[in-house]
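Accompanying notes for the structure given below.
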Amino acid sequence: MKILIAGAGIGGLTAALCCTRRGMDVQVFEKAPELSEVGAGIQISPNAMRVFQKLGLDKAIIAKGFVPGKLEARMGQSGRVLFAIGAQSYGAPYVHIHRADLIEILSAALPKDVIRLGKTVTGYEQSNDDASLTFADGTNVSGDYLIGADGIHSIIRAQMIGPSQPRFTGNLAWRAIVPTERLGDLTPDPNATVWMSDKSHVVTYRLRGGALTNFVGIVERDDWQQESWTERGDLSDLKSDFKNWHPIIENVIQNIDPDDLFKWALFDRGPLPRWTAGRVTMLGDAVHPMLPFMAQGAAMAIEDGYVLADCLARGKLDEYHRLRLARTSRIQAQSRANMTTFHRSRGLGRLSYVPMWLAGRIAPPLVSRRFNWIYGFDATKQI
Ligand SMILES: Cc1cc2nc3c(=O)[nH]c(=O)nc-3n(C[C@H](O)[C@H](O)[C@H](O)COP(=O)(O)OP(=O)(O)OC[C@H]3O[C@@H](n4cnc5c(N)ncnc54)[C@H](O)[C@@H]3O)c2cc1C
């Protein structure tokens, strides 16, 4: 079976691996002239790590990444812990990794010549017997099935469903990586920590065995709508967005190299009722882009890749959408809802943290169990 994949992001590469492991002949077409990712970290939660365990890549990911002790929620100014639960209690590892390291591990695990760089997809055609991709350089290629893994502005999606703009969520993300040794006594704990505040939150975690600290600062602002990781942010702007935060956060910001500070407007879309048309289907951000407030966008793309390869191998492509829609839609909705949960520390809104704080003090196992549906899920056993 010959599979064409548009896009060599985390989703496209994982799908390519899952398909090649089932003996399919795969080609991945990427518009960028080289494989690269933004200079930032990514959290790979246990549900996604189960797929990488199946692919035999878990050890390489752990070796290049960082294994956090806890998943924590704190108040942004006081640093008060709202809850802290074990990150490694969901039956598979919870790992943080530099995005470039993950892309390197995935691409190195693929047979040579699977990835074709500098190939910009402009559309597709299909018949009863095959599906083909057309490229900006005037060439085309055909195969048995086509997977659109070409991200939030997917060309495949636009052709299948009709063109539409993603919606701006009113949030701006600041991102930077800081050498941990610079941070001294005010280093964030070796956990995945969400620091919550008014109309903003920060996420801190470590990468590369702890040598790097990853910073993501989210602020509700509607004066910036650019999506470009090459867009550098202004450090003084970042400082004013996070003025009077906990000294640990101010210290991280203080130590950011201005050349390594980027900003990115956050967009999402609502769930899509149809993912497949004939021999063409989609996965990841192409079909269910979401706010990163559950750190599940790539995890969903990784799960999609596994389930899709399973469906193709069984000749049941029509089942793929049915198997994935409810879960990905729920995660999209919860990611949006977390904006309200995370960004309410002023006035009466602060009271909304009380149940979280009480549960965190009285019954951490209860809090931990609330994440079971996300982290305990095993896509490798879905069929
Ligand atoms: C601030 C932030 C933090 C996040 N943190 C996490 C996290 O901790 N954990 C997590 O699971 N997720 C996280 N996410 C979400 C995650 O980054 C995305 O969901 C994930 O990268 C989507 O992968 P993808 O392969 O579907 O799409 P993409 O990564 O967008 O890949 C699409 C690929 O297709 C290529 N492409 C596009 N158009 C064409 C074309 N016409 N022809 C050929 N190639 C094309 C692109 O160049 C790209 O390589 C975060 C997102 C943000 C913004």
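If you go through segment 223-259 one residue at a time, how many are within 20 Å of THR180 (Cβ to Cβ) and surrounded by 15 or more Cβ atoms within 10 Å (Cβ to Cβ)?
Matching residues across segment 223-259 total 13.
Yes/no matrix, rows are residues, columns are (1) more than 15 Å from the ligand (Cβ to nearest atom); (2) modelled with pLDDT of 95 or more:
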residue	(1), (2)
ASP259	yes, no
PRO273	yes, no
ARG279	yes, yes
GLY284	no, yes
MET294	no, yes
VAL307	no, yes
ASP310	yes, yes
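Kindly evaluate VAL26 against the criterion of being assigned to a loop (DSSP other than H, G, I, E, B) and of a type in the set (Val, Ile, Thr).
No.
I'd like to verify a number: residues in segment 323-335 that are surrounded by fewer than 16 Cβ atoms within 10 Å (Cβ to Cβ) and closer than 11 Å to LEU291 by Cβ, how many?
Of the residues in segment 323-335, 1 are surrounded by fewer than 16 Cβ atoms within 10 Å (Cβ to Cβ) and closer than 11 Å to LEU291 by Cβ.
Enumerate the helices (runs of 4 or more DSSP H) found wholly within segment 33-145, keeping only those where 1 or more residues are in contact with a strand residue (DSSP E or B) (Cβ under 7 Å, 6 or more places away or on another chain) and of a type in the set (Lys, Arg).
58-64, 99-108
Among the numbered conditions (1) closer than 19 Å to ARG269 by Cβ; (2) buried (at least 22 other Cβ atoms within 10 Å of the Cβ), tell me where TYR306 comes up short.
Answer for TYR306: the failing condition is (1).
Just one of the numbered conditions (1) basic (Lys, Arg); (2) out of contact with any Ser or Thr (no Cβ under 8 Å at 6 or more places or on another chain); (3) within 8 Å of the ligand (Cβ to nearest atom) is not true of LYS31; which one?
Here LYS31 clears every test but (2).
Hey, could you check segment 160-207 for residues that are of a type in the set (Val, Ile, Thr) and assigned to a strand (DSSP E or B) and say which is nearest to the chain's Cα centre (by Cα)?
VAL203
If I ask for residues that are of a type outside the set (A, V, I, L, M) and touching a helix residue (DSSP H, G or I) at 6+ places or on another chain (Cβ under 7 Å), which ones from segment 209-231 would you list?
Hits for segment 209-231 are GLY210, THR213, PHE215, GLY217.
Sort out which residues of segment 74-107 are among the small types (Gly, Ala, Ser) and out of contact with any helix residue (DSSP H, G or I) (no Cβ under 8 Å at 6 or more places or on another chain), and write them in order of number.
Of everything in segment 74-107, those that are among the small types (Gly, Ala, Ser) and out of contact with any helix residue (DSSP H, G or I) (no Cβ under 8 Å at 6 or more places or on another chain) turn out to be SER78, ALA87, ALA100.
Quick one: is ALA15 hydrophobic (A, V, I, L, M, F, W, C), over 30 Å from GLU72 (Cβ atoms) and either near the ligand (Cβ under 10 Å from one of its atoms) or surrounded by fewer than 20 Cβ atoms within 10 Å (Cβ to Cβ) (or both)?
Yes: the conditions hold for ALA15.
Of the residues MET290, MET300, MET294, which single one is without any contact (Cβ under 8 Å) to a residue 40 or more places away in the chain, closer than 23 Å to GLY41 by Cβ and either buried (at least 18 other Cβ atoms within 10 Å of the Cβ) or not aromatic (Phe, Trp, Tyr) (or both)?
Result of the check over MET290, MET300, MET294: MET300.
Does ARG157 meet the test of being part of a strand (DSSP E or B) and of a type in the set (D, E, K, R)?
For ARG157, the condition - part of a strand (DSSP E or B) and of a type in the set (D, E, K, R) - is not met.
Filter segment 174-211 down to the residues that are surrounded by fewer than 19 Cβ atoms within 10 Å (Cβ to Cβ) and of a type in the set (A, V, I, L, M), then identify the one that is nearest to the ligand (Cβ to nearest atom).
Within segment 174-211, the match that is nearest to the ligand (Cβ to nearest atom) is ALA211.
Taking ALA299 and the conditions (1) in contact with a Lys or Arg (Cβ under 9 Å, 6 or more places away or on another chain); (2) over 25 Å from MET75 (Cβ atoms), which numbered condition does it fall short on, given that it satisfies the others?
ALA299 satisfies all of (1) in contact with a Lys or Arg (Cβ under 9 Å, 6 or more places away or on another chain); (2) over 25 Å from MET75 (Cβ atoms) except (1).
Please tell me if GLN332 is touching a Pro at 6+ places or on another chain (Cβ under 7 Å), over 15 Å from ALA15 (Cα atoms) and within 13 Å of the ligand (Cβ to nearest atom).
Taking the combined requirement at face value, the residue satisfies it.
Can you report the number of residues in segment 214-257 which are within 24 Å of PRO190 (Cα to Cα), more than 16 Å from the ligand (Cβ to nearest atom) and outside any helix (DSSP H, G or I)?
Number satisfying all stated conditions: 6.
Among the residues of segment 317-351, what is the count of those that are farther than 28 Å from PRO166 by Cβ and part of a helix (DSSP H, G or I)?
4
The values are calculated or read from the model by the stated rules, or taken from the named source; none is laboratory data. Since the model is a prediction, treat every value here as computed from it, not as a measurement. With ideal geometry, Cβ positions are generated from the backbone for all residues, glycine too; neighbour counts draw on all protein chains shown.
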